[in-house]
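First up is the structure itself, then whatever we jot down about it.
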Amino acid sequence: MTQQASDYQGLGPQKVRGVVVRRPNRTAGVQAYIPELSKGLGITMKHFFKNTKEYMLGQRPDPVLESTTDGVNTISYPEQRRPYPERFRGMHRLTHRDDGSPRCVACLCCSTACPAQCIHIEPAEYPEGDERRGYERYPATFVIDELRCVFCGFCVEACPCDAIRMDTGIHAAPYDSREQFIYEKDLLMSFCGREGDQVTENARHEPGESTHPGVDRERHGH
Amino acid sequence: MGEVKATTQTTLEVGEGAGGFATTQVTALTHWAQKYSLFMYPFVTACCGMEFMSVTSPRYDLSRFGAEAPRFSPRQSDLLWVVGTISQRQAPVLKRIYEQMAPPKWVIAFGTCASCGGFYDNYTTVAGIDKIVPCDVYIPGCPPRPEAVLDGLLLLMDKIQSGSKDPAIVKPRTDPVTSQSHGLIKLRRGRDSMV
């Protein structure tokens, strides 16, 4: 038997709308506890014996075996690997130019943008007479502390030359000392992208080529 | 002084003699037992805890390596997972918990914050738990992938089996420094792509 609570007296000035559910009758059988307990256990045991019989006779699929083929599967990780999303930000890599040198021009944009300050670059000038001298510099050292990195991808966004990328598809590996997380330039350049590429598809205009936009005081007539 | 040295020498000779093989085998057996029964104490303070739950959940089942049983008393646990940022106020607590653990005990720094402070370059954050307690394995990432966590656990198990606490002797099983072949090249959805 139910009635509207707003009609019910004694709820106070704010009449809350709701349904009053009456408490179940406590008969002598319920209060004695043992009969109800055995009734409940009886239902449990009925299902237990029924299910056991059906599994034994093969009348219904085994839920344990079924769970190994469908539903949430455990991934046996070192042997099985789950594919990472396409835009997963993994280990950094330094892309190459066509001649194998790094595309990085040591502008320090990435190390400035890095919130964890895990990138350290020492820029250096190209030697006298080099085509690129005066236009750009190169990283004498390029060090990333993979332990400090928070994989935010700001360095990739900040890079104006498409020189640093995080599309290796490798998660950072754990080590047992901090020194092993310091990744130097040569190692970062040895990583490939997902397709095994080290040269990006973005065109790079070298100084001296007709497409190169830059000029400086000495060379403006090419 | 000389006598003490001689005694040590004798012990070594006995150890390498008839009992050597048995002693080595027992040590290896002990290490094998230890690495497959790491009772963990999760010291979870920050968002890395979500990823820690993901590792312990059925998808990346941590119990496949025998490391799933959490003991919420440091005295019963072998492995201290420090998961998350440790502030200066928490540092004494962490140190006390580490000291309460009974040896043999190991510590894993889970995530960037626990390992080195991450981008919290400020006066409240401890720049890495190895300033307080000795740390066996560092897992990078913010937070780390469950795969990286399992890599870290496997590295710790390899370390336990080797019996050495020195760093840089045992390398992770998939080390990008030596082999980069484990990159996930094909990206496909579906179940058969997992194999």
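The values are calculated or read from the model by the stated rules, or taken from the named source; none is laboratory data. Remember, predicted model here, so these are calculated numbers, not experimental data. All Cβ positions, glycine included, derive from the backbone under ideal geometry; neighbour counts span all protein chains shown. Protein only, heavy atoms only, side chains kept; ligands, DNA and RNA dropped before computing areas. Shrake-Rupley method; radii C 1.70, N 1.55, O 1.52, S 1.80 Å.
In table form, for the structure just shown:
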read-out	value
Heavy-atom accessible surface that A and B bury in contact, both chains counted, 1.4 Å, Å² to 100	4400 Å²
Average beta carbon contacts from partner chains per residue of B:136-146, 10 Å cutoff	6
Per-residue average of Cβ from other chains inside 10 Å of A:148-159	3
Inter-site label distance for A:THR112 and A:ASN25 at 7 Å from Cα along Cβ, in nm	8.3 nm
10 Å Cβ neighbours from other chains, averaged over peptide A:161-174	6
Sorted peptide list for B:28-37, A:53-62, criterion being average Cβ within 10 angstrom, highest first	B:28-37, A:53-62
Too-long pairs where the Cα-Cα distance tops 18 Å, listed order kept, from A:LYS185/B:LYS165; B:LYS105/B:LYS165; B:LYS105/B:LYS159; B:LYS35/B:LYS171; B:LYS35/B:LYS165	A:LYS185/B:LYS165
